[in-house]
Amino acid sequence: MRRVTGPAMALAVALAALPAWAAAGPTDPSKSATPLPGSSGATPGQKAMPELPSPYTPNYTRGAVPPSNGQPPDFAYGAYQRGQYVTAFREATKRIEANPKDAAAMTLLGELYNQGLGVKQDPVKAAEWYKVAAAQNDAAAMSSLGLMALDGRGMPKDIKAGRHWLEQATAQGSPTAAYNLGLILIGTGSAADESAAVAQFRKAADAEIGPAQHDLGVLYLQGRGVPKDPSKAAAWFRRGADNGDLASEIEYAILLFNGTGVTKDERSAARYFLHAASRGNAIAQNRIARLYAVGRGVAKNTVEAAAWNLAAAGQGLSDAWLDQTLSGLSAEERNRAERLANERVEQR
């Protein structure tokens, strides 16, 4: 997944969440005839995704960004990606002095002002730089302007203008703008807009943007804007998981465990839960704790169950069924579980 930078900006949406397993009551998953209930509770379209202001591959750690399409190395973006923001600001400024129509350098200055990297944070100046870059048809600048207008950041809040900028950026081929446009559409409650949102999410998903792959999976699972298709939902969740999207990873694990849209595989499901749990996700920690408690997908291990239950509870996700199931642990076992839970918190 092409990672994006900058603060996440919340967009209000009207799509109801799937029921969370933690809220489903003390169902005992040890009975093989009882599927693992619920989902991760994730909802498509929860947060807007800021645009990465660079046409190059991110996370380049040494030297300048390599040449692209015969262009010279990009020292400004190379410095930005290494976290050398003052240098990035200086190099971008030099480029604009040499070429007043350097849209990529303008967008970079907008991003630095927007996030307060190397300069004092100033949303108004950020919007000004994004606007002059957008006038040069820079898709990243248009996308960022759209989010700023929707959020009322650096300019008066203007939903219509925000949508316009996102549409312009999408037309220029920005997958993150397509994703954010999909968020707007999915929030209207209109059936036609739901179908249009699917098309936008698919553009972003085809560009390997994990949150878009997750949202498509949820829509296929619910039959919103597309015919209900658990198999397609599972395929999108798998792609999102492969791209590091936690919500996708948990949803895919649940489908694997239940055999919904994919061949039932409790051991593989447990591996996905365990991976997501190790990344600090409370829902995954709760799920893997239940599996360790009853020995499904993993060997039964009440100490591991208690450790993961403590980790989830530390994030506010309590589970009365697990508390009751694990109430018979010895003092030594409880101490081991507490040590494991603390170690996992520290490792994050």
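Tabulated values for the structure
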read-out	value
Where a residue in the stretch 261-278 is over 16 Å from Ala234 (Cα atoms) and its partner, wherever it lies, is buried (at least 20 other Cβ atoms within 10 Å of the Cβ) and acidic (Asp, Glu), with Cβ under 7 Å and at least six apart	His275/Glu249; Ala276/Glu249
Every residue from the stretch 141-161 that is hydrophobic (A, V, I, L, M, F, W, C), closer than 18 Å to Asp102 by Cβ and either in contact (Cβ under 8 Å) with a residue 60 or more places away in the chain or in contact with a His (Cβ under 7 Å, 6 or more places away or on another chain) (or both)	Ala141
Candidate set from the stretch 303-348 (those that are surrounded by 20 or more Cβ atoms within 10 Å (Cβ to Cβ) and among the polar types (S, T, N, Q)); member that is modelled with the highest pLDDT	Asn309
Subset of the stretch 122-140 [within 18 Å of Asn180 (Cα to Cα) and either touching a Ser or Thr at 6+ places or on another chain (Cβ under 8 Å) or without any contact (Cβ under 8 Å) to a residue 24 or more places away in the chain (or both)]	Tyr130, Asp138, Ala139, Ala140
Sole residue being out of contact with any Phe, Trp or Tyr (no Cβ under 9 Å at 6 or more places or on another chain) and either buried (at least 24 other Cβ atoms within 10 Å of the Cβ) or modelled with pLDDT of 95 or more (or both), chosen from Ala133, Ala177, Ala126	Ala133
Check on Gly152, surrounded by fewer than 17 Cβ atoms within 10 Å (Cβ to Cβ) and either on the phi > 0 side of the Ramachandran plot or among the aliphatic types (A, V, I, L, M) (or both)	yes
Selection within the stretch 155-174 - of a type in the set (A, V, I, L, M) and crowded, with 24+ Cβ neighbours inside 10 Å	Leu166, Ala169
Among the residues listed as Arg290, Arg271, Arg267, Arg238, the single one being in contact with a Gly (Cβ under 6 Å, 6 or more places away or on another chain) and either assigned to a helix (DSSP H, G or I) or farther than 23 Å from Tyr220 by Cβ (or both)	Arg267
Residue check, Arg296 of a type in the set (D, E, K, R), surrounded by fewer than 15 Cβ atoms within 10 Å (Cβ to Cβ) and either in contact with a Pro (Cβ under 9 Å, 6 or more places away or on another chain) or within 26 Å of Ala212 (Cβ to Cβ) (or both)	no
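Conditions (1) assigned to a helix (DSSP H, G or I); (2) among the acidic types (Asp, Glu); (3) under 22 Å from Tyr272 (Cβ atoms), marked per residue:
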{"site": "Gln285", "(1), (2), (3)": "yes, no, yes"}
{"site": "Ala305", "(1), (2), (3)": "yes, no, yes"}
{"site": "Ala311", "(1), (2), (3)": "yes, no, yes"}
{"site": "Ser318", "(1), (2), (3)": "no, no, no"}
{"site": "Leu322", "(1), (2), (3)": "yes, no, yes"}
{"site": "Ser327", "(1), (2), (3)": "no, no, no"}
{"site": "Glu333", "(1), (2), (3)": "yes, yes, no"}
{"site": "Ala337", "(1), (2), (3)": "yes, no, no"}
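The values are calculated or read from the model by the stated rules, or taken from the named source; none is laboratory data. Here the structure is a predicted model, which means the values were calculated and not measured. Here Cβ is always computed from backbone atoms with ideal geometry, including for glycine, and neighbour counts include all displayed protein chains.
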